[in-house]
Structures are given as structure tokens and as C-alpha cells.
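Nothing in this text is a laboratory measurement; each read-out follows from the coordinates by a stated rule. The shown structure was predicted, so the numbers you read here are calculated from the model rather than taken from an experiment. Using ideal geometry, Cβ is built from the backbone for each residue, glycine included, and neighbour counts are taken over all protein chains shown.
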Amino acid sequence: MGKMKRSSFKQGAFIATFAIILTKIIGIVYVIPFYKVIGEKGGALYGYAYTIYATFLSISTVGIPLAISKLISEYNAKGYYHTRERVYKQGRRVLALFALIVFTLLFIFAKPIAMQIIGDIEGGNTIEDIVYVIRVIATAILIIPSLSVSRGYLQGNKYITESSISQVIEQLFRVAIVVFGSYFAMKLSHDVKTSVAVACFGATIGGLFAFLYLRLKIRNNKDIFLVDIKEKEEEKSISTKEIWIKIIKYAVPFIVIDAVGNACTLINMFTVNKILVYHTGYTIAKAETVMSTLTTWGIKLNQIIIAIATGLVTSLLPHVTSSYVKGDMDTVGKRINEAYIMLLYFGIPMTVGLSFLAKPVWQIFYSNHGLAASVFSIFVFAAIASSLYTVTLFIMQSVNKYKVVFIALAVELVLKAGLQFPLMVFAYKIGLPPYAGTISATLISLSSTYIISIIYMIKKMKISMKDTFKSLFFIMAGTTAMLASLFVLRMFINPVVDSKKAAIIVVSIYTLVGMIFYFIFTYKHVFKKVIGKELIVKFEKILKRRRKDEIKE
């Protein structure tokens, strides 16, 4: 294995984003055969298991991996390399023990959780089915926290490439188990529950292989981490207790962010089925189609957009933290604007494009299911809202503005809980689909967090957001031009088709046309900012060389 190299902010952002998008594409592509194997009922069951798993995973990691990344960045900026290594060792030990405790709790309380999900509703998945898959996927909690600590250690040291590769490895092995395992399980058992359980176990296998890769990488590059490891005089006073106080202090906001996000998801899980069935006349089959779109099938497509935010955060957290510790607020402001511009530049047109092409996209990955595609055409806007939410709160974390984070999260949770039922019922009464109500509640609650945070950045931190707002104007103009071109194209090519092959052709044509118009309208004012001067210069040099070669020939 070769030597690792540190990444700059933009390099790290692009590497992490590329790796995450690749994992999401793999995660979407596998859905095509997986959907055929388990169907919509199995999709809902898989969604129940994964939502509960995600909730308990956030409990088992309690934000410590991200806190470790932040603390390591801080100690690196101060030159406290010996203390940095102590942070990593402490994190590994404690997380392994805590993961075991959380796994045990989830295994024991799987049945009460399952009863809360479906209550006494009959005709869909049973309580026993849900209990079974929850217990199977719980095994991943024994591994993923330790994997997350290793990623946090590398990210805090600005080694983004290896952390990103581990995500690809994890996804490849997980998907292999999901696709082939669920297929053979269905062939042998003819049981959806067993097939979904095997698919859930893929999370454990994927996490194990990714963990082994990172441990090997760290071990083979010990000489990099142990450079200047000699303890400085000022480090000697830093006790293990002080380290853990800092880790907990940094972890708490991450815990709350995860907890609120999962609480909002759980609000959907525990209320949507019941509201749709008891208050709008939906059958349980239609209600579970909506739920499977919100928790499984639709969220997988949304993850392509959310991956941009995840990649940005991976690189943003250590860079903003180190600049803030050094008191370099000009660089902090610059990084914040760069992050928002990158996110908006790619995220907005992708969101609008996916909404416009919801039916053919759904046809490609799943089937021509009108209800699910209609849900997704609205639900996709939650992706860009969630991305802005993630980047904003992690920025506030990086600069230690915890009070603002807590206020914003409290407002988000209150809005989601308070608006869920009335907006669903209101939508139904005025003739709109009732699921538009729950999606609207999500959009409103997410938007409140970054509106509060951005106002604070501008007024209290004196960070200028003019560059972001100026770029947003051109991004919206480019997106409008793109959308106009798609509407014109629709006059000649109908995007709604009946086969997967036709859908692929249609989506490809629409995507190419939309990209061309968007690129033309944004190249001068935004694209160059996103890519950076260095890459633009390199690209222009390559073009000049090719032109000279062509002239010589």
C-alpha cells in the first residue's frame, strides 16, 4: 500500500464527493434487481429496519467520530501530535464498548419498537417480520462505530482519499450481499422476510471489510502519523479527563443533530401510515407505497444530491476548524462561501431535473408506478433542503456556535412535529395529495435551521455571504434556462415511456440538453469559481496543447 497524502479543501471536497456519489450510484443501481426480488412490501420492511438501525447507530456513535475529527484538526493546528494520537486510541476503546451496549438494547427492545411502527394495522408486514430484520441489521452496530472512528481520525488529519475509498469498499461489499444474498435467499426460502434479512446483513459485511482496509492503511503509514510525535511541554498538562470533556463537548451537538434528524424520520414512520389510512382513506397498500418511497426507494435517489453535502462536510470540517483555531476568519469566510456555492451549483439543477423527470427516472430504477413517482417528484426537494441543512449546521459546529445549533434544531423539531398532521389533512381537504403535507412539513422544518444560522453568520460573525448570493442568482438563472429547454424538448419527445430502455434514452437526452443550457448560462460567473483557477488553467493548457498538435498534423 502506498503512502498517503493530505488533501486541500477543494481536492478533499471533490474526492469525498466523487467517492460518495459513486457509492450512492452503486446504492441506486442495485435497487433495480433488489426491487424485483423483494417488491414494495419488502421495500417497506427494509425501510423499517434501516430507519431503526440509523437511529440506534447514531446513539452508538454518539457523534464521537465527528468530534474526534474536529478535535484532531484542532490539536494538529496547535502542533499537539502526541495528544492527537491519544484522542484516537481513547475513541476506539470507548466506542467499541458503547456499540456493544447499544446492540444489546436494540436486540432486546426490537419487538416494542416494531409494535410502535405498525400498531394493530393488518394486511402488510407483521410485527414478527419487523422484529426479525431489526435484530439482523443490529449486528452492523458492532462494527460501524469503530469504522467511523478510523474515518474521523483520517479526516481530521486531512487524509480524505483513504477515508473515501473505505466508503466505496463498504458499499461494494454491502451491495454484493444485498443483491446476490437476497436473490438466493428468495430462491431457496420463497420468503420475503428472509430475503430482506439477508440484505440487511450486508451492512455488517460491508462495514467489516471497510474497517479492515482502514486499519491496514493506518498501520502501514505509522511513520506519517508518528512524525514529531514527541510530547510538547504544554501537552503534558492535558489529562485523559480533559480530552474526554472536549470530545463530549464537541460530540453533543452532533448527537443532537442526528437525534433531531432521526426524530423527524421517526415522526414520518410512526404517523404517515396511520394518518393516510385513518384520515384520508388510503389503503394500507397505498400507504406503504408512500412510506417505502419516503424511507427506502425515494431516499436512495435523493442520496445522489445529499452526497454533495456529505463530501463537502468531510473536507470542510477539518479545514474550517483549523482556520478558526488559528483565528483566520478571512479563510473561514472564504471556505463557507466556497462550500455553499459548490453545493448550490450542483444541487439545485439536479433537484429540479430529477423532479421534472421523476416518472422516467422511476421507470428506470423501479417500475412504472404512478403513485411512487408522484411522491418522489415532490420528495426530491427534501434532498437539497437536507443538503443545505447538513452543511450549515456543520459550519456552525466547526466555529463552536453550539447555542445557535441547538436553537435551530429545536425550531426544526417543533415545526416538523407540529405541522405534520395539520398539513397532511389540509392538503387532502383542498384536493392535493396528502403526502404533500408531510413533505412540506419536512421542507419547512429543514429550511428554518439554515435561515436562522445564516442570519447569525451575517449579523454576529460578520461573515459576508455576498459571493454566495451573487452566485445563487446566476445558478437560478441557469436552472431556469435549463428548465425552459426541457419544457420545449417535451413538445417533441414525451418523457413518459413504458419501458426501461426507452426511459434510459429519454433521461439521457433530457439530461444532456439540460446540462448544455445550464453550463452555458453559468460557466462565466459560477463554474470557474466552483472548479477553481488552478484546474481551469490546467484544463486550458491541455486544450492549447491539443490545438497545437492538431495544427502540426
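Can you bin the stretch 232-369 into rounded, prolate or oblate? Criterion: square roots of the alpha carbon gyration tensor eigenvalues sorted a ≥ b ≥ c, rounded for a/c under 1.5, prolate for a/b above b/c, oblate for the rest.
Values: a/c = 3.75, a/b = 1.79, b/c = 2.09.
Cα axes put the stretch 232-369 in the oblate bin.
Can you figure out the FRET efficiency of residue 101 with residue 236, using R₀ = 45 Å and their beta-carbon distance, to the nearest 0.05?
Details: r = 33 Å, r/R0 = 0.73.
Computed FRET efficiency for residue 101 and residue 236 comes out at 0.85.
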Task: Separation between Cα centres of the stretch 256-299 and the stretch 45-84, rounded to whole Å - done: 27
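For the peptides 40-46, 378-384, 439-445, what is the packing order when you average, over each peptide's residues, the other Cβ atoms within 10 Å and list the highest mean first?
Details: 40-46: 25.3, 378-384: 23.6, 439-445: 21.7.
The packing order, highest mean first, is 40-46, 378-384, 439-445.
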Open item on the list: If the only charges are +1 at each Lys and Arg Cβ and -1 at each Asp and Glu Cβ, what is the size of the charge dipole of the stretch 39-147 around the Cα centre, to the nearest 20 debye?
Closed with: 820
TODO: Let me know the charge dipole size of the chain about its Cα centre in debye, to the nearest 20, where only the beta-carbon of Lys, Arg (+1) and Asp, Glu (-1) is charged.
DONE: 1720
Task: Distance between modelled label sites at residue 180 and residue 455, nm, 7 Å Cα→Cβ extension - done: 5.5
- [ ] Apply the Karplus parameterisation 6.51 cos²θ - 1.76 cosθ + 1.60, with θ equal to phi minus 60°, to every residue of the stretch 374-385 and state each ³J(HN,Hα) to the nearest whole Hz, in sequence, with x for glycine and proline.
- [x] 5, 4, 5, 4, 9, 4, 4, 5, 5, 5, 5, 5
TODO: For Rg/Rh (Cα atoms, Kirkwood Rh), several values are listed as (1) 1.37; (2) 0.99; (3) 0.97; flag the one computed from this structure.
DONE: (3)
Open item on the list: Give me the extension gain from residue 494 to residue 444: residue separation times 0.36 nm, minus the current Cα-Cα distance, reported in nm with one decimal.
Closed with: 14.7 nm
- [ ] Add +1 for every Lys or Arg and -1 for every Asp or Glu among the other residues with Cβ under 13 Å from the Cβ of residue 475, and state the total.
- [x] +2
Open item on the list: Could you sort the peptides 268-281, 332-345 by per-residue average Cβ neighbour count (10 Å cutoff), highest mean leading?
Closed with: 332-345, 268-281
- [ ] Return the distance in nm (one decimal) between the two label points of a simple spin-label model at residue 249 and residue 279, each offset 7 Å from Cα along Cα→Cβ.
- [x] 4.3
- [ ] Could you list 487, 184, 173, 376 in order of exposure, starting from the residue whose Cβ has the fewest other Cβ atoms within 10 Å?
- [x] 487, 184, 173, 376
Task: the stretch 254-332, dipole about Cα centre (Lys/Arg Cβ +1, Asp/Glu Cβ -1), debye to the nearest 20 - done: 300
Task: Positive-pole candidate from 473, 183, 449, dipole of the chain, charges at beta carbon - done: 473
Task: Cross-link pairs 89/241; 300/501; 217/529; 232/334 - those with Cα-Cα distance over 23 Å - done: 217/529; 232/334
Task: Footprinting exposure proxy for 305, 364 (fewest neighbouring C-beta atoms within 10 Å first) - done: 364, 305
Open item on the list: Quick check on packing: order 489-501, 511-523 by the mean number of other C-beta atoms within 10 Å, highest mean leading.
Closed with: 511-523, 489-501
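Restricting to DSSP H runs of at least four residues, report the calculated mean residue ellipticity at 222 nm for the chain, -39500 (n - 2.57) per run over all residues, nearest 500 deg cm²/dmol. The partial results should precede the final answer.
Details: 24 runs with 452 residues, N = 553.
Theoretical 222 nm ellipticity from helices: -28000 deg cm²/dmol.
When a/c is below 1.5 the answer is rounded, else prolate if a/b is larger than b/c, else oblate, so apply that to the stretch 404-499 with a ≥ b ≥ c taken from the square roots of the Cα gyration tensor eigenvalues.
Oblate.
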